Every structure is written in structure tokens, then in C-alpha cells.
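I have placed the structure first, in the form of C-alpha cells, so that the comments after it can refer back to it.
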Amino acid sequence: METKDNIKKLITKALEKLDISGADFAVEYPENPENGDYSTNVAMVYAQKLRMNPRELAEKIVATILPMQVKEYAMADIKVAGSGFINFYLPRAYFAGSLEEILNNKNFSKNSLMQGKKVMLEYTDPNPFKPFHIGHLMTNVIGESISRILENSGAEVFRANYQGDVGMHVARAIWGLLKNATLQDKSGTLIEQSINIGKAYALGADAYETDENSKAEINVINKKVYDRSDAEINSIYDWGFKVTMEAFEDLYKVLGTKFDYYFLESQMAPIGERIVKEHIGKVFSESDGAIVFKAEDYDPKLHTRVFITSQGLPTYETKELGLTVEKFATLPKMDASIVVTALEQADYMRVVAKALSIIHPEYESKMRHITHGMLRFASGKMSSRKGNVVTGESLIRDVRASILERIKERGFSREESEEVASKVGVAALKYSILKQSIGGDIIYDFDKSISFEGDSGPYLQYSYARAYSVLEKAKQENILPEFSVLPEQTFEVEKLLSRFHSVVLRASQEGEPHHITNYLIEVARAYNSFYGNNLIADKSDRTAPYKVALTFAFTFVLKRGLYLLGIETPEKM
RNA sequence: GCCUUCGUAGUUCAAUGGAUAGAACAGGACUCUUCUAAGGUCUUGAUGUAGGUUCGAUUCCUACCGAAGGCACCA
């Protein structure tokens, strides 16, 4: 199937004939197209071993391969170059064939890396009563893309969201709502109400830090939230919970995420607590009145953490333990349980995972934690100082507004421009998160992400929209995609299109969406160059049907690639 | 102090142990009687420091310097 694998097989056979074996070699895409379509370092790997000149060995291997080629895989050329690389040049027809594959095979992007596997992926995790901030946005964007990439590899993905429905943050918000009753206004929209709750939270958080009386009041509220003994607090809680959770749903809709499972902290706590208590003495131990897990006894790089406080309250670690067990109970045949969070949670997640691996060794190889960095602002001014928190919602709103301004003169109807602004805005945000590898911090530059130039989500969408309008023109001119007459030259964009499948495979293997992002930019650039230098839908051109087919393939790849990133492709913009 | 993730053009990011380290932005010069100029064409510039492994290191190992995060009753 994969051309790379076929070449590898061919070389392996040649090595057998030459009676050489014992090392691994690579077949890869050379960076410089002059060095062929595929390249291998096999001669260099073996030369040392056999005490041969690598170029001589390469020539010998090539001489063995040449007569072995099967007709349909016959190369246009095979050359030895550099310090001993063997370069393979594919024939013109090969690239036409790969375009045909893209047009005719609906599943051209799919691979079977995770075929039939059940995977639960937890991501986003915003807390009711607290603003959905840019960190949640980042986790959501990464998690959604990984979900789609896993699905593309044949996995059945269950999207899960874990939320803190009780705890000090709730008490802080309720305190703020009680102090400033205008924030309880229920006449505004969902978003407006949830913004008010966010303000109440900021009020409470600030008071808790700076004022002893307020702190005491908040502690009292916290208890009442737990035991539900106060009717007024219950009523505020029920309203606030509903409003913030529904506002999150609105945001998920804009972002393109749909969760299958919601886990609430208050429900995970007793599950975790039971497990911890059952394993005191074996896994957990008492220390200063608290129940702790001494992870350093099992792995010197880990440290002790408290699971149940000296007050008898379960900590985050215990809840996380309960959550993981509950996930496996929910999906008994689960093959992998993946959690996406910010990097700051990496260390204690490791401790929790270690504790759990002792209690449930069968889970150990199935648990995976993907961590990403923080989203920072290049301008530096938009820090999350009190009352000035950058919420996901406000960021999307600002980006959208800026795009609306820009498309004013496009002649769209009101609904059309709203829709385009939404799709382009989300693309701008998602692109700036997914263009780099997961793990490092992301420096977010607002102006740059809506500049639409070069390295951006809107650039990709624009390329799509333009190609789409070429296809519209072709339709009017009655030019149908055909592969019978091939242009003399092979366009760069064709070569890149033929690599889509293997790029997606790599992104899947490494769990790194940015491979797809970077590839799409390359393809779009190549197509835009092709577009700029060729008239495509030209009736007088005998190769026009082929160029139209190429354009079709480009839109298919771009649409599918952007889908895997969670980005939509408007047909006009 | 220990642990985690990182140090690549002026800036923001790429590079599955390979060939001349790729883009984009910013700067400069061209380019719309042609399918969307949010486009295209040309142009300058970088691997933190010191060792090691290797035919070959941005990539792997060690030390140092620098950044971000974490290290017991918050999540």
C-alpha cells in the first residue's frame, strides 16, 4: 500500500540476494526534490560493517534492484548520490495515480493504527462557577484534534470532560454573588449571566486572599454547599451550575466539540476515598494525621503526596484516582485512557498513576497523560490579573469582531458574514495553537493570528475557498476531472498531495497534530503557486481536466486535513 | 536543592540520527484587461556553552548557563 514500504521491501530483497543483513535503515523523503522522491541511507548503514566504500555498496545494491522491479512499481530512475544515498525517482504516472486515489477513495486519509481500539480522551475540564479561560481553550483545541486523529486511525473515541462542581472556587463565586446581588441578574443572555458569575468568582477569590472575615464567610459557604443545608445557597448554586455549564456547551458548539461523558468531582470523591481507605497500610500510609502515598518508595523521581487531609477531606489526588477507576468501570473494554492537561499537572499525575498502577496493574499500560504548555500573550499586557482574566469566550469574540470588520466589503449577508467570521476566527485561534508541537508554551500574538497572511489558519481557508471557486468555474465551463492527458511537468503540489497519507500516519503515531498543520501550509503554498502560474479551468487547454482533478484533490486533502485539526472550511470567504 | 518540559534567523515556529538547517512575520523590489491580491515572484539572516557516542548530531549521553512549571494537607 504505502510506497515507502514497497521500496523498503525491494531493498530488503536486494540485501538478501547480496547476503547482507543485521541493521536497520530508513526510507525517507529527501528535502531537496533534486534528490529524488524517496531516498535511503541503507548503503551508509552497512558500509562500515562490511568495510566497503558506501558509494560502491550503493551501486551494487542499485544493480541488484534494477532487474527486480515489478512493472507497476518501476521507478523512472534510481541514482546513487552524495556520500552514498540511493535516490528513487518515481514516474510521472505515479503522481497522477495518487491524485486518482484521493478522488476515488473516500478513506484516503485513514490508517489502521488504532483499528477497533476503544479510547477515552479527557480534555478541557473547565469548572462551573469559574471562567473558561484561555488554558481551557488550549486543552480543548489539542484534545479535539487528537480525538479526530485517533478516529482517523480507526479508534472509537469517547470524549470526556471532568469538572469541579464543588470546592472552594464554588464557595468564592457564591460569596461574590451574595455580596453583589446585581450579579445574580437573570434577565441577560446565558453568556452575560455566566460572565457575571465569573466576576463574582474574581470578587470572592480576591476577598479570600485579602480579608480574614470574608475568608471565614467563604469557608462557611463551602460547608453549606457540601451539605446543602441552606436554601438560598442551594438556589444560587443550582442556577449558577446550570448557567455556567450551558455557557460551556455554547462554546463547545463554536469550537466543534461534543462530549460523550461528563464526570463531576463530587461524584468521584467518594469512589476515590473508598479505594484509598481500602489500601491503607498496603499502598497508602498515615503521616501527621493525613493519608499519604510515598511514591518515592517506588520511583526515586516521584514524591509523597497527601490523598486525604488531616481534616478527613479527599484531595485532588484521591478524586483523580476515583475518576480513573470510574472511567474503566464506564468502559470496561477500554484500550487506552488518555488525559490532556497543562504541563503543571504532570508531576502529581505521575504520583496518582503510580499509586493506581499498584492497585490496578492492568491499567498501567493503558493510561497516558498528554501535557501541553501555557498560552501566553506576546503583548504581555493581557495577564490574568484580578478582574482582567482573558476568557476563551472574550478571545473568540474579539477575533470574530476583527474579522467581521475585515469582510465588511465582501458583500455577504448578515448571517453569512457571522458564519464566516466565526469559522475564520476559530481557525485563527486553533491554528496558532496547533502549528507547534505540544508541550512548549505558546506565545499568542492576537494581531498575527488575524493577519491572515502566510502562516495562519485563515490562509489555509482562503486557499481552500479560492480552489473551490476554480471548481465552480470548471463546472460552468463543463470541464470534468480526467487523468487521460497528463501535463509534461510534475507540479510540486502533486508530489506533496501524494504524501498526505503518510503525514497523517506520522501525526497519529506521535500524537502530534502540528505535523499535519505544517504539511497543510506547504501544500497550500504549492497550490497557490500553481494557481498563480497556471490558468486551470481553461477550455482550450487539453490538460485542463487534469489540472481540475488536481484542484479537486487539493480541496479534498485540505478539507480533510483541516478537519483533523478541528478547523472548518467555508466555501466562500 | 531535587524533578519535569524546553533553549534554532530580529520575532514566532519546523526539521522520523543524514545531503546546502526549512517556513512565516518584520525590511526592500516587482506583480491584478486571467478562476477570490487574505494571493504570487525575487531578496538578507540562526542550531545557548563545553565535552562525548557515531561514517555522519539541531536530534542521543554528561556537565554548565538560561526560561517556564512542579516539589504534603489548593486544584
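The values are calculated or read from the model by the stated rules, or taken from the named source; none is laboratory data. Not measured: the values here are computed from a predicted model. Here Cβ is always computed from backbone atoms with ideal geometry, including for glycine, and neighbour counts include all displayed protein chains.
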Residues (within 20 Å of A:Gly373 (Cα to Cα), without any contact (Cβ under 8 Å) to a residue 60 or more places away in the chain and more than 8 Å from RNA strand B (Cβ to nearest atom)) located in the range A:429-468 = A:Ser449
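For the range A:416-460, how many residues are among the polar types (S, T, N, Q) and assigned to a loop (DSSP other than H, G, I, E, B)? Talk me through it step by step, then tell me what you get.
First, pick out the residues of the range A:416-460 that are among the polar types (S, T, N, Q): A:417, A:422, A:432, A:436-437, A:449, A:451, A:456.
The next check asks that each one be assigned to a loop (DSSP other than H, G, I, E, B); those that pass are A:436-437, A:451, A:456.
The total comes to 4.
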Strands (runs of 3 or more DSSP E) fully within the range A:272-343 counting 1 or more residues that are at negative phi and near RNA strand B (Cβ under 7 Å from one of its atoms) = A:285-287, A:290-294, A:304-308
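Restricting attention to the range A:169-187, does a residue exist that is within 16 Å of RNA strand B (Cβ to nearest atom) and either among the polar types (S, T, N, Q) or surrounded by fewer than 22 Cβ atoms within 10 Å (Cβ to Cβ) (or both)? Talk me through it step by step, then tell me what you get.
Residues of the range A:169-187 within 16 Å of RNA strand B (Cβ to nearest atom): A:169-175.
Retained after the next criterion (residues that are either among the polar types (S, T, N, Q) or surrounded by fewer than 22 Cβ atoms within 10 Å (Cβ to Cβ) (or both)): A:169.
Looking for residues that are within 16 Å of RNA strand B (Cβ to nearest atom) and either among the polar types (S, T, N, Q) or surrounded by fewer than 22 Cβ atoms within 10 Å (Cβ to Cβ) (or both), one finds at least one in the range A:169-187, hence yes.
Tally up the residues in the range A:472-488 that are buried (at least 19 other Cβ atoms within 10 Å of the Cβ), more than 8 Å from RNA strand B (Cβ to nearest atom) and part of a helix (DSSP H, G or I), please.
Of all residues in the range A:472-488, those buried (at least 19 other Cβ atoms within 10 Å of the Cβ) come to A:474, A:479, A:481.
In the following step, the residues that additionally are more than 8 Å from RNA strand B (Cβ to nearest atom) were identified as A:479, A:481.
Next cut, part of a helix (DSSP H, G or I) only: none.
Qualifying residue count, the range A:472-488: 0.
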request  = Read through the list (1) in contact with a helix residue (DSSP H, G or I) (Cβ under 7 Å, 6 or more places away or on another chain); (2) closer than 27 Å to A:Tyr29 by Cα, then give the number of the only condition that A:Val119 fails.
outcome  = (2)
inquiry  = Let me confirm something: among A:Ile516, A:Ile521, which residue is at pLDDT below 95, at negative phi and within 22 Å of the chain's Cα centre (by Cα)?
reply    = A:Ile521
message = Restricting to the range A:489-516, and then to whatever is assigned to a loop (DSSP other than H, G, I, E, B) and free of Cβ contacts under 8 Å to residues at least 60 places away in the same chain, can you tell me which residue is farthest from A:Phe108 (Cα to Cα)?
response = A:Gln489
inquiry  = What's the total number of residues in the range A:85-100 that are in contact with a helix residue (DSSP H, G or I) (Cβ under 6 Å, 6 or more places away or on another chain) and not in a strand (DSSP E or B)?
reply    = 2
task = Report yes if A:Val557 is of a type in the set (Val, Ile, Thr), within 19 Å of A:Ile433 (Cβ to Cβ) and more than 11 Å from RNA strand B (Cβ to nearest atom), otherwise no.
result = no
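Just checking: which of the helices (runs of 4 or more DSSP H) contained wholly in the range A:1-84 hold 1 or more residues that are near RNA strand B (Cβ under 10 Å from one of its atoms) and under 30 Å from A:Asn107 (Cβ atoms)?
A:3-17
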query = So which pairs qualify, if the first residue must be in the range A:518-535 and without any contact (Cβ under 8 Å) to a residue 40 or more places away in the chain, the second must be more than 6 Å from RNA strand B (Cβ to nearest atom) and β-branched (Val, Ile, Thr), the Cβ gap must be under 7 Å, and the two must be at least 6 apart or on different chains?
reply = A:Val523/A:Val493; A:Val523/A:Val557; A:Ala526/A:Val493; A:Phe530/A:Val493
remark   = Subset of the range A:119-166, residues more than 13 Å from RNA strand B (Cβ to nearest atom), under 18 Å from the mean Cα position of the chain (by Cα) and over 18 Å from A:His369 (Cβ atoms), comes to A:Ile134, A:Leu137, A:Arg148, A:Glu151, A:Asn152, A:Ser153, A:Gly154, A:Glu156
Inter-residue pairs, beta-carbon under 8 Å, first free of Cβ contacts under 8 Å to residues at least 12 places away in the same chain and in the range A:286-306, second more than 8 Å from RNA strand B (Cβ to nearest atom) and in a strand (DSSP E or B), 6+ apart = A:Glu286/A:Ile280; A:Lys294/A:Ser285
key: Members of the range A:403-428 that are touching a residue at least 24 places away in the same chain (Cβ under 8 Å) and within 25 Å of the chain's Cα centre (by Cα)   = A:Ile403, A:Glu419, A:Val420, A:Ser422, A:Lys423, A:Val424, A:Gly425, A:Val426, A:Ala427, A:Ala428
